[in-house]
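Structure record follows, encoded as structure tokens.
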Amino acid sequence: MSDLGSREELFDEIRLRRALRLDPSELPARLDVAAIAARAEASRPGALVASLASTVITCVAGAALMALAAMALPAIAPAIASELLADVIDALARLAVPASTILGAAQQPAVPVAALAGLAVAIAYEYVQRRERLREVTS
């Protein structure tokens, strides 16, 4: 086991690093998309004409779609508005049922009197607590 064998069987550090790509200088070059596109356009002279034609067709199609949307919007706007208004009214009606129960209970004469009494007790309790703290601090 002490004999490591011949020198050719072992990997030297340079070959090992190259195999593992540990050195930043040994990394493969990144693909340059702009250079590939420039080379492709240079090899085909009709690429400029095709690019221009596709750009014009795309702009005309986009303008046509925008025009159709602008013409269709006044036709469908009342339907959309009525659906939206119906949904808002439905949501308000669903909230009004529990709210009417709570408001009906709050309109009973005992509830406001009890709320005022509870508020008076809470104010008095806080006043007493504050006074006791001041006595402790000053004494």
Residue that is modelled with the highest pLDDT, among those in the stretch 102-120 that are surrounded by 10 or more Cβ atoms within 10 Å (Cβ to Cβ) and among the β-branched types (Val, Ile, Thr):
113
Any chance the stretch 60-81 includes a residue that's surrounded by 10 or more Cβ atoms within 10 Å (Cβ to Cβ), at pLDDT below 75 and part of a helix (DSSP H, G or I)?
no
Can you find a residue that is at pLDDT 80 or above and among the basic types (Lys, Arg) anywhere in the stretch 30-48?
no
Residue 91 being more than 28 Å from the chain's Cα centre (by Cα), among the aliphatic types (A, V, I, L, M) and modelled with pLDDT of 90 or more
no
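Based on what the data block shows, is residue 48 surrounded by 10 or more Cβ atoms within 10 Å (Cβ to Cβ) and within 30 Å of residue 36 (Cβ to Cβ)?
On the way: surrounded by 10 or more Cβ atoms within 10 Å (Cβ to Cβ): yes; within 30 Å of residue 36 (Cβ to Cβ): yes.
Spelling it out, residue 48 is indeed surrounded by 10 or more Cβ atoms within 10 Å (Cβ to Cβ) and within 30 Å of residue 36 (Cβ to Cβ).
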Being at pLDDT below 85, assigned to a loop (DSSP other than H, G, I, E, B) and either surrounded by 10 or more Cβ atoms within 10 Å (Cβ to Cβ) or touching a strand residue (DSSP E or B) at 6+ places or on another chain (Cβ under 8 Å) (or both) narrows 10, 16 down to just 10
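The values are calculated or read from the model by the stated rules, or taken from the named source; none is laboratory data. Bear in mind that the values here come from a model prediction, so they are computed numbers and not experimental data. Methodologically, a virtual Cβ is constructed for each residue, glycine included, from the backbone with ideal geometry; neighbour enumeration extends over all protein chains shown.
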